[in-house]
Structure formats: C-alpha cells, structure tokens
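Input: a single structure, listed below in structure tokens.
The values are calculated or read from the model by the stated rules, or taken from the named source; none is laboratory data. None of the values given here were measured: they were computed from a predicted structure. Backbone-built Cβ (ideal geometry, glycine too); neighbour counts: all protein chains shown. Surface areas here come from the heavy atoms of the whole protein model, side chains and all, with no ligands, DNA or RNA. Shrake-Rupley method; radii C 1.70, N 1.55, O 1.52, S 1.80 Å.
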Amino acid sequence: MIAEIGTFGLSLVAGVLSTLSPCVLPLIPILASSALASHPLGPWGLGAGLAISFTLVGVLLASAGASLGVDQEVLRNIGAAILILLGVTLMFSVVHQRFIVLTSGLGNAGQALAGRISGNSLAGQFALGLLLGIIWTPCVGPTLGAAITLASQGESLGYVTIVMLVFGLGAAIPLVA
C-alpha cells in the first residue's frame, strides 16, 4: 500500500515537472489565458484533455509489452534501463535537445491536427488538450517515460491507468492553476 502511494506521488510530481520543460513552460500562460478567454471553464477542459491524452499514451505504451507476451522481469529491466537513459537525457542539455529533435515528428503531427480544431468552446478546449498531449510528447518524453516505467511495474491494467492518470493530472495542474 505504501509503495502504491509512493508511486502515485512520484507520478504526480513527474507530471508537474513535465511542464518545466523549456519548450512547454513558456506556453502555459498563453494556453491558459487563451482557454479562459474561450470559455470560463476552458482551462479545465484543456487540462482534462491533456490528462486523458497522457493517460491513453501511457497505458498503450505500458501495456504493449504485456500484450506481446514479454516477461514482466524483462520489462522491469528494460524499464530500468530506459529510466536511466531518460535521466541522462535530463542531465545534459545537448542530449535533451537531440531527444527532442529525434521525436519532433510526433509533435509536428499533433501541431498540424491542432491547427484544424477550433478552440472557441469547452469541447474545443478539451480536443486541444487531447492533442496537446501528443504535441508535448517530445518535450516531456523523459518525465513521461519515467511515469510509464512506474506504471509498467503494476500487474493490472487498472493500476497502470491510475498511475498514468495521476501523471496527466500533474501535467494539467499548472494549466488549470
């Protein structure tokens, strides 16, 4: 029980820290004020979409190994190695910038989709939040990877979903606040 609380706490902190990325942090005031201008609950819609997007991405990635029949111990070892690599990515700015460049195609695809959505309603803000999770993935990859690694330690899809939802809520807190 204590381990789960610790995992949820780390996941929440990872979500909040994900917004400190240099390519995310400057956008938060712009996105929040734009969402608020479109609807009184716009930031809540944007945050909810972002939380759900990160949850879906995390659940898909965390459960991919299990659905392929890979042994849990092997997944834990791979997850630990990925966590170490992501830590190194965060420690060195040059490596982090290269990671962003390597994964920018995913963000560019999300940016193209975002241009087609009208954010002038609560539903529009929610849809933008869903896409924001895709657009931000290259920038928040290290913290998202850490949360996915934490989630993949669970033995049930429900546990994985809760860990990833907590990460998504952590990422949404700065937008709503």
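Side notes on the structure shown:
- The set of residues from segment 155-177 being assigned to a helix (DSSP H, G or I) and among the polar types (S, T, N, Q) comprises just one member, T161.
- Counted residues, segment 109-130 - those being modelled with pLDDT under 85, in a helix (DSSP H, G or I) and in contact with a helix residue (DSSP H, G or I) (Cβ under 8 Å, 6 or more places away or on another chain): 5
- Qualifying residues in segment 89-108 (those that are open to solvent by less than 80 Å² (accessible area, probe 1.4 Å) and part of a helix (DSSP H, G or I)) - the one modelled with the lowest pLDDT: G107
- Pairs linking a residue in segment 137-159 that is aromatic (F, W, Y) to a residue that is in a helix (DSSP H, G or I) and surrounded by 23 or more Cβ atoms within 10 Å (Cβ to Cβ), with Cβ atoms under 9 Å and 6 or more positions apart or on different chains, are Y159/A151.
Okay, residues lined up against (1) in a helix (DSSP H, G or I); (2) among the aromatic types (F, W, Y); (3) out of contact with any Gly (no Cβ under 7 Å at 6 or more places or on another chain):
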| site | (1), (2), (3) |
| --- | --- |
| E4 | yes, no, yes |
| P22 | no, no, yes |
| A35 | yes, no, no |
| G49 | yes, no, no |
